[in-house]
Amino acid sequence: MAVPMPDWSEWFAPIPVRGPNRAADRRSSPDQPRSQPGGSTAVGAFRGLTGRPGPGRPSKGDSTAALALRVQPRTRLGSLAAAWNHQYVLLAGRTAELLPGRTQRILEIGCGRGQLTVPLAWARPRARILAIDSFRPPYSRSQAALLASLRRSGLEDRVDVHRADGPRWLQRPRSARFQGIVSSEFLPELPVGALLGVFRACFRLLELGGSTVHIFLSPIPRNEQQRLVIEADSDPRWTRRPPKGWFSPPPSLACSLLRSAGFVRVRARRVPSRLRFSPAAALQQLTRWRVRPGFVREYGIAQGRNLLELPDWVVLSGVRLGAPAS
């Protein structure tokens, strides 16, 4: 017997705002770096991360986005987790800038461990987020990790986590509407034939003027170090879970399908990761990705003969202004 799916319309009630100095704006997530008085960045919070001022203009009042745009990381082994956290702080800031100014209801598809969920909740302190994921293997432990992170961050009242298959959930009729629908590394999990249906469902669930933002690693390497990362994660010689059709969808194809679904102001922005791994950090990361040892031997990763660099991010976005395309 099927279990009725909740609607969430009542859960998305307006959040009371106490003024510009509300406590939610003053708190910092335990997983995110803090800003020093006067706006300078506490680089020490990254446990060995080094940085330099970076380009970009954060949204007004968006301390998380401002922080993300002020530091550009370079990893060492002890800072690997912090470097990944920083990547998502940066992406959350970019995502927040692309959502409507008064966004209060956000749907995140494929939330995983909450890499984007938590910093996005801080970047948009007035918004409620419905975070959906199937939490199937190899991500079965992600739900517990996300819930623990939300408790530590004091975000349980603004983020509702639901276990469901993302594409199937999107296709079911719902009365709830959102001002923003986002995803991080969700599109690469889909076959090419499913993308247009997902984009059409996003269009249907968005309010007029709402935005959709999808983040994924670029399948187009900028250098040899990025090309090796793509090979490690997509070549059947090295990975136990090669993608069905791609490492990530080509940005031009994703833009075309987003327009076909009815979105306007479609754009794919390339955001440099600037994340280059030392040999020790590369070994740690490849182990987490379950890359076969043959890749390490083939390219001399342990000896530093070849370095690895995370591919640049693609931030795909579009706005709903009218009726769905026929």
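Brief remarks on what is shown
- Looking only at residues in the range 126-166 that are in a strand (DSSP E or B) and touching a residue at least 60 places away in the same chain (Cβ under 8 Å), the one that is farthest from PHE186 (Cα to Cα) is ARG128.
- The combined condition, being of a type outside the set (A, V, I, L, M, F, W, C), in contact with an Asp or Glu (Cβ under 6 Å, 6 or more places away or on another chain) and either more than 29 Å from SER79 (Cα to Cα) or in a loop (DSSP other than H, G, I, E, B) (or both), is fulfilled by SER273.
- In the range 236-255, the residues that are surrounded by 14 or more Cβ atoms within 10 Å (Cβ to Cβ) and free of Cβ contacts under 8 Å to residues at least 40 places away in the same chain: PRO250
- Single unsatisfied condition, ARG94 versus (1) at pLDDT below 50; (2) of a type in the set (D, E, K, R); (3) crowded, with 22+ Cβ neighbours inside 10 Å: (1)
Here's the yes/no breakdown for (1) within 28 Å of ARG105 (Cα to Cα); (2) out of contact with any Pro (no Cβ under 6 Å at 6 or more places or on another chain); (3) not charged (D, E, K, R):
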position: GLU185; (1), (2), (3): yes, yes, no
position: TRP238; (1), (2), (3): no, yes, yes
position: ARG241; (1), (2), (3): no, yes, no
position: LYS244; (1), (2), (3): no, no, no
position: LEU258; (1), (2), (3): yes, yes, yes
position: VAL264; (1), (2), (3): yes, yes, yes
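- Subset of the range 142-163 (residues that are of a type in the set (A, V, I, L, M, F, W, C) and either crowded, with 20+ Cβ neighbours inside 10 Å or closer than 12 Å to GLU108 by Cβ (or both)): LEU146, LEU150, LEU155, VAL159, VAL161
- For ALA194, the criteria (1) more than 21 Å from LEU91 (Cα to Cα); (2) crowded, with 20+ Cβ neighbours inside 10 Å; (3) of a type in the set (A, V, I, L, M) hold in every case but one, which is (2).
- Residues located in the range 198-214, provided they are farther than 9 Å from ARG320 by Cβ and in a strand (DSSP E or B): VAL213, HIS214
- Residues in the range 271-301 that are surrounded by 13 or more Cβ atoms within 10 Å (Cβ to Cβ) and either of a type in the set (Gly, Ala, Ser) or closer than 30 Å to GLY210 by Cβ (or both): VAL271, PRO272, SER273, SER278, ALA280, ALA281, ALA282.
- Scanning the range 187-207 for residues that are under 17 Å from the mean Cα position of the chain (by Cα) and within 24 Å of ARG126 (Cβ to Cβ) yields one hit, CYS202.
- Inter-residue pairs, beta-carbon under 9 Å, first more than 13 Å from ARG267 (Cα to Cα) and in the range 311-324, second part of a loop (DSSP other than H, G, I, E, B) and of a type in the set (A, V, I, L, M), 6+ apart: PRO311/ILE220; ASP312/ILE220; PRO324/ALA261
- So SER184, is it modelled with pLDDT of 95 or more, closer than 18 Å to THR95 by Cβ and polar (S, T, N, Q): yes
- Some residue of the range 168-175 being at pLDDT below 95 and small (Gly, Ala, Ser): yes
- Residue ID - farthest from ARG240 (Cα to Cα), chosen from residues in the range 276-299 that are polar (S, T, N, Q) and either assigned to a helix (DSSP H, G or I) or at pLDDT 95 or above (or both): GLN284
The values are calculated or read from the model by the stated rules, or taken from the named source; none is laboratory data. Everything numeric in this text was worked out from a predicted model, so none of it was measured. With ideal geometry, Cβ positions are generated from the backbone for all residues, glycine too; neighbour counts draw on all protein chains shown.
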